[in-house]
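> Mind having a look at this structure? Questions to follow.
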């Protein structure tokens, strides 16, 4: 029998249609249909100037806007052959890690909502609100920040001292979640030994991010970028590759992110960094970019996002290419779902942390 | 094994139960007003525009219409139906003429309210005085 799941299904976090081939409860085949959220982000860039395109890149993945901005801004900076001041790159790292925590908290809440647990959803959203309120304070909006500019960040970072209490509160609450979930027999039986992703399949399908690190791999693109060079952190990792391992990895990543945030605040409080400007004063009427190609990558909460720009000497990019990791995670579904029951579809799909706007762009 | 599961379940239930006695964090919106930061990007305000047109160039949605008579700016309109409140106009303005303010309640029954003239008449200013 063919079963149509979605596109308007509450647990698809967007609009994804899954055509399932079922025999009773068992899934024989699965075909994901994507494209319902296609906004033409790449084509749109060709009709806009570099400055005009900057606010729209936050919409590629609206849960981690800073990461998309970062990829685009670094690629253009490479084309312009400028480097942001040290202070700006530390602020970028600090904000991106806060954003990673916010994104993982939202994943945790909605994933458990998919599994039928309602209260963690309220708790994680309450903690996420602390971070979003801080982002609103510095950039003006809760999700579409538009805070990074070519050559730095827009404004001075305000109220740095309020970050530490926020992070401490979240780490405290994280223990609450673990009490609620990690040993919970219902949660364990719904996630353990389910949707097992082996390392070979993950590498074959170009899976990156926490999904790959839950499958016994060390690959983290943060460790070899110049921005993260001064920061010490462990790479969260698990061996099993099932849904529970992905949950463990994401919780561990929140803890590691908090360590990076503490270090970044220490750096920002140093005198020589406090005095330096926050951006290269680059306020042109129009930004003309010399011909060439540039490429920038960043490790987002969902994996590797890259932005590749080809410039042709005008004020508009000739071509912008986005590589987003959720797109690859969706392609995994036919592989992972076969043999499972219908009730497990959302448990497996949710654990991959697929963001549909990022899939379709 | 069963005992361990039972303990974990009860521990979880207790964690949820504790929240009954905590203060609610919900903002009762129309009664309570949100505390918006100074950087918030809401409805635009204009004062001292020189009509250079930078905001038109950096606007991603082409939402800004400027009419000029020689060097004088006679009309400055922002189409709020198109505007995405990115704040580019505010950031790139060379004389800081345009500012995005805290007013976020833009819902209206009349479409004309969304395409308003931002330059005020001198007569209007006198009336306010």
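> Taking only pairs six or more apart or across chains, which ones have beta-carbon atoms under 6 Å, a first residue in region B:18-29 that is within 19 Å of residue A:120 (Cβ to Cβ), and a second residue that is modelled with pLDDT of 85 or more and assigned to a helix (DSSP H, G or I)?
From region B:18-29, the pairs are B:25/A:126.
> Something else now. Given the structure, is residue B:57 more than 17 Å from the chain's Cα centre (by Cα) and either part of a loop (DSSP other than H, G, I, E, B) or surrounded by fewer than 16 Cβ atoms within 10 Å (Cβ to Cβ) (or both)?
Numbers: more than 17 Å from the chain's Cα centre (by Cα): yes; either part of a loop (DSSP other than H, G, I, E, B) or surrounded by fewer than 16 Cβ atoms within 10 Å (Cβ to Cβ) (or both): no.
Here the answer is no, as residue B:57 does not meet what is asked.
> Which count do you get for residues in region A:181-198 that are surrounded by 15 or more Cβ atoms within 10 Å (Cβ to Cβ) and over 19 Å from residue A:111 (Cβ atoms)?
The number of residues fulfilling the criteria is 0.
> Could you pull out every one of the helices (runs of 4 or more DSSP H) wholly within region A:20-85 that has 3 or more residues that are more than 17 Å from residue A:316 (Cα to Cα) and more than 14 Å from chain B (Cβ to nearest Cβ)? First the steps, then the outcome.
Details: elements: A:41-46, A:50-53, A:65-80.
Correct list: A:65-80.
> Quickly run through region B:60-77 and pick out the residues that are part of a loop (DSSP other than H, G, I, E, B), crowded, with 17+ Cβ neighbours inside 10 Å and either more than 14 Å from chain A (Cβ to nearest Cβ) or in contact with a helix residue (DSSP H, G or I) (Cβ under 6 Å, 6 or more places away or on another chain) (or both).
B:60
> Would you mind stating whether residue A:178 is closer than 21 Å to residue A:106 by Cβ, within 14 Å of chain B (Cβ to nearest Cβ) and in contact (Cβ under 8 Å) with a residue 60 or more places away in the chain?
Working: closer than 21 Å to residue A:106 by Cβ: yes; within 14 Å of chain B (Cβ to nearest Cβ): yes; in contact (Cβ under 8 Å) with a residue 60 or more places away in the chain: yes.
Criteria met by residue A:178.
> A further question on this structure: Of the residues A:170, A:131, which is buried (at least 17 other Cβ atoms within 10 Å of the Cβ), over 17 Å from the mean Cα position of the chain (by Cα), more than 12 Å from chain B (Cβ to nearest Cβ) and under 19 Å from residue A:253 (Cα atoms)? So that I can check it myself, show each step before the final result.
Values: A:131 fails: over 17 Å from the mean Cα position of the chain (by Cα).
That would be A:170, the only listed residue that is buried (at least 17 other Cβ atoms within 10 Å of the Cβ), over 17 Å from the mean Cα position of the chain (by Cα), more than 12 Å from chain B (Cβ to nearest Cβ) and under 19 Å from residue A:253 (Cα atoms).
> Hey, among the residues in region B:8-26 that are within 7 Å of another protein chain (Cβ to nearest Cβ) and outside any loop (DSSP other than H, G, I, E, B), which one's surrounded by the fewest Cβ atoms within 10 Å (Cβ to Cβ)? Reasoning before the result, please.
Narrowing region B:8-26 to residues within 7 Å of another protein chain (Cβ to nearest Cβ): B:8-9, B:11-12, B:15-16, B:25.
From what's left, outside any loop (DSSP other than H, G, I, E, B): B:8-9, B:11-12, B:15-16.
On the way: B:8: 20, B:9: 15, B:11: 13, B:12: 24, B:15: 19, B:16: 16.
Out of the qualifying residues, it is B:11.
> So which residues in region A:216-233 are touching a helix residue (DSSP H, G or I) at 6+ places or on another chain (Cβ under 9 Å) and under 19 Å from residue A:249 (Cα atoms)?
A:216, A:217, A:219, A:220, A:222, A:232, A:233
> Looking at the structure I just gave you, is residue A:158 surrounded by fewer than 23 Cβ atoms within 10 Å (Cβ to Cβ) and either touching a strand residue (DSSP E or B) at 6+ places or on another chain (Cβ under 7 Å) or at pLDDT 85 or above (or both)?
Taking the combined requirement at face value, the residue does not satisfy it.
> Okay, next question. Would you pick out the residues in region A:207-225 that are touching a residue at least 24 places away in the same chain (Cβ under 8 Å) and assigned to a loop (DSSP other than H, G, I, E, B)? Even if it seems obvious, please write down each step before you answer.
Narrowing region A:207-225 to residues touching a residue at least 24 places away in the same chain (Cβ under 8 Å): A:207-216, A:220-222, A:225.
Within region A:207-225, A:207, A:208, A:209, A:214, A:215, A:216, A:220, A:221, A:222, A:225 qualify.
> All but one of (1) under 27 Å from residue A:359 (Cα atoms); (2) more than 14 Å from chain B (Cβ to nearest Cβ); (3) surrounded by fewer than 19 Cβ atoms within 10 Å (Cβ to Cβ) hold for residue A:208, so report the exception by its number.
So residue A:208 meets the others, but not (3).
> Further question: Give the residue that is nearest to the other protein chains (Cβ to nearest Cβ), with candidates limited to residues of region B:82-96 that are in a helix (DSSP H, G or I) and out of contact with any helix residue (DSSP H, G or I) (no Cβ under 7 Å at 6 or more places or on another chain). It would help to see each step written out before you state the result.
Pass one, region B:82-96, residues in a helix (DSSP H, G or I): B:88-92.
Next cut, out of contact with any helix residue (DSSP H, G or I) (no Cβ under 7 Å at 6 or more places or on another chain) only: B:90-91.
Values: B:90: 9, B:91: 6 Å.
That would be B:91.
The values are calculated or read from the model by the stated rules, or taken from the named source; none is laboratory data. This one's a predicted model, so the numbers in the text were calculated from it and none came from an experiment. Note that each Cβ is placed from the backbone with ideal geometry, even for glycine, and that neighbours are counted across all protein chains shown.
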